[in-house]
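Step one of this worksheet: look at the structure below.
The values are calculated or read from the model by the stated rules, or taken from the named source; none is laboratory data. Every value quoted in this text rests on a predicted model; they were computed, and no experiment measured them. With ideal geometry, Cβ positions are generated from the backbone for all residues, glycine too; neighbour counts draw on all protein chains shown.
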Amino acid sequence: MTNLEFTPLVFGISAVAGCLGALTGLGGGVVVTPALTLLLGVDIRYAIGASLVSVIATSSGAAAAFIREGYSNIRIGMFLEIATTMGALFGAYLATRTPTSILSLIFGFVLIHAAWQSSRGRPKDEKVTKTDALATKLKLNGSYPSPDGPCEYQVSHVKTGFSMMFGAGTLSGLLGIGSGALKVIAMDQAMRVPFKVSTTTSNFMIGVTAAASAGIYLSRGYIEPGLAMPVMLGVLAGSILGARQLIGAKVRVLRWLFAGVVGVMAVEMIASGLKGKV
Amino acid sequence: MKTWSDQRLEVIISVLLRTGVLISALVVLLGGICFLSKHGDEQPEYRVFHAAPASDRSVSGIIHAVNPSDCQAVIQLGLLLLILTPMARVAFSLAGFALERDGTYMALTFVVLAILIYSLAAPH
């Protein structure tokens, strides 16, 4: 295969991944790496590098749209980014010292979680009644627009959320993914931030988290221009298309479809990790 | 509580992010067209990891390598601009919190910015 054939193929795969990622809200990064390694036999380190770059592109592009709607909470985001960026640095260092077969295994387990998350849909918001002193001190409580006017919310379990964010950052740096699903869990489940605020703030944070590991990836030579170019452009194009289609799409069917694809990929990644074929 | 100036800060940030992504995507696209026109017939070799060439691996290396004959360096410059976009976002937030005279958040934002600069500038 020549570059003239390989580049459009990678662009196409990345565009599908980006589109599905935007439609399901899980992001394209988590599917790009297994697709590149399993379908095209790309070394997982190149795939991770290219995927990370695409994560920055989609996060920054999508965050721009979400911020305007007034849902994201810039203070929660900035505070938690300390944890995610430190985690991302740690994860990127780990990535350079971890055998590729282990990376493939961990990736498989993350995919299983993504499949499960995708088939589940959005959880219900629970109101916080007890105030968290740290949340008040850091001015994390906020409000978001709703049909009945601004809806106020309070944030709890700030320390738990912060620690979980370190974990999310580590995974992001280790595997070159946005790990948006984990970020949402930390905010939505642990800190009781309303779901819509959690998802948009998570999106906002993903780009900064990924940028923290990108420097290390770059200096380690994981970001290969010939591969990163079609992946970044493809995922970006796909996610823009996906975000446009979001209204009126059969999200339930898509979620199951996505869960199925990700599930198959998970099994393949675990299998190739165990066989040491990566 | 969100204040009026938090909201305004967020709108400016969203414009900044979109512009950064757009510019970097255009540079990557230009580099990509150049890459395909010159190396289109060559076989890609990504099955075995060699690490990208040294000139494509640091900020100064990329900037020095950029010229019309090195298409990969042009792509890498676009990707570097992309990495700088969230960094610019954080730097802008720092300025915003300074305008709001919010010392706590200035400090928090500074830590994030320092981590990002360390990642990109320090040799690893």
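Within the set of pairs 6 or more residues apart or between chains, which connect a residue that is under 24 Å from B:Met106 (Cα atoms) inside the stretch A:126-151 to a residue that is modelled with pLDDT of 85 or more and charged (D, E, K, R) with Cβ atoms less than 6 Å apart?
Close Cβ pairs satisfying both conditions: A:Lys139/A:Arg75; A:Leu140/A:Arg75; A:Ser143/A:Glu152.
Does any residue in the stretch B:100-124 that is more than 21 Å from A:Phe204 (Cα to Cα) come within less than 6 Å, Cβ to Cβ, of a residue that is buried (at least 16 other Cβ atoms within 10 Å of the Cβ) and hydroxyl-bearing (Ser, Thr, Tyr) six or more places away or on a different chain, and which pairs are these?
From residues that are more than 21 Å from A:Phe204 (Cα to Cα), the pairs are B:His124/A:Ser219.
I want to confirm something. Restricting to the stretch A:237-270 and keeping residues that are over 28 Å from A:Phe6 (Cα atoms), among the hydrophobic types (A, V, I, L, M, F, W, C) and in a helix (DSSP H, G or I), which single residue is modelled with the lowest pLDDT?
A:Val251
Collect the residues in the stretch A:60-76 that are within 9 Å of chain B (Cβ to nearest Cβ), modelled with pLDDT of 85 or more and in a helix (DSSP H, G or I), keeping them in residue-number order.
A:Ile74, A:Arg75
Of all residues in the stretch A:150-184, how many are away from chain B (no Cβ under 14 Å) and either aliphatic (A, V, I, L, M) or over 30 Å from A:Arg220 (Cα atoms) (or both)?
Final tally of qualifying residues: 14.
Within the stretch B:58-67, is there a residue that is touching a Ser or Thr at 6+ places or on another chain (Cβ under 9 Å), more than 8 Å from chain A (Cβ to nearest Cβ) and at pLDDT 90 or above?
The answer is no, given that none of the residues of the stretch B:58-67 is touching a Ser or Thr at 6+ places or on another chain (Cβ under 9 Å), more than 8 Å from chain A (Cβ to nearest Cβ) and at pLDDT 90 or above.
Please state which one of A:Gly226, A:Gly234, A:Gly273, A:Gly221 is farther than 30 Å from A:Leu140 by Cβ, in contact with a Lys or Arg (Cβ under 7 Å, 6 or more places away or on another chain) and modelled with pLDDT of 90 or more.
A:Gly221
How many of the residues making up the stretch A:22-49 are of a type outside the set (Phe, Trp, Tyr), in a helix (DSSP H, G or I) and facing chain B (nearest Cβ under 9 Å)?
6
Please go through (1) closer than 20 Å to B:Val21 by Cβ; (2) modelled with pLDDT of 90 or more; (3) hydrophobic (A, V, I, L, M, F, W, C) for A:Ile44 and return the number of the only condition it doesn't satisfy.
That leaves (1) as the condition not met.
Take the residues of the stretch B:14-57 that are within 7 Å of chain A (Cβ to nearest Cβ) and β-branched (Val, Ile, Thr): which is farthest from A:Leu38 (Cα to Cα)?
Among those that are within 7 Å of chain A (Cβ to nearest Cβ) and β-branched (Val, Ile, Thr), it is B:Val21.
Give the number of residues within the stretch A:1-44 that are under 27 Å from A:Trp116 (Cβ atoms) and not aliphatic (A, V, I, L, M).
Residues that pass the stated criteria total 12.
Is it true that B:Glu10 is within 7 Å of chain A (Cβ to nearest Cβ), free of Cβ contacts under 8 Å to residues at least 60 places away in the same chain, acidic (Asp, Glu) and in a helix (DSSP H, G or I)?
Against the criterion (within 7 Å of chain A (Cβ to nearest Cβ), free of Cβ contacts under 8 Å to residues at least 60 places away in the same chain, acidic (Asp, Glu) and in a helix (DSSP H, G or I)), B:Glu10 qualifies.
So A:Thr209 clears everything in (1) farther than 18 Å from A:Leu111 by Cα; (2) within 13 Å of the chain's Cα centre (by Cα); (3) more than 13 Å from chain B (Cβ to nearest Cβ) except one condition, right? Which one?
A:Thr209 satisfies all of (1) farther than 18 Å from A:Leu111 by Cα; (2) within 13 Å of the chain's Cα centre (by Cα); (3) more than 13 Å from chain B (Cβ to nearest Cβ) except (3).
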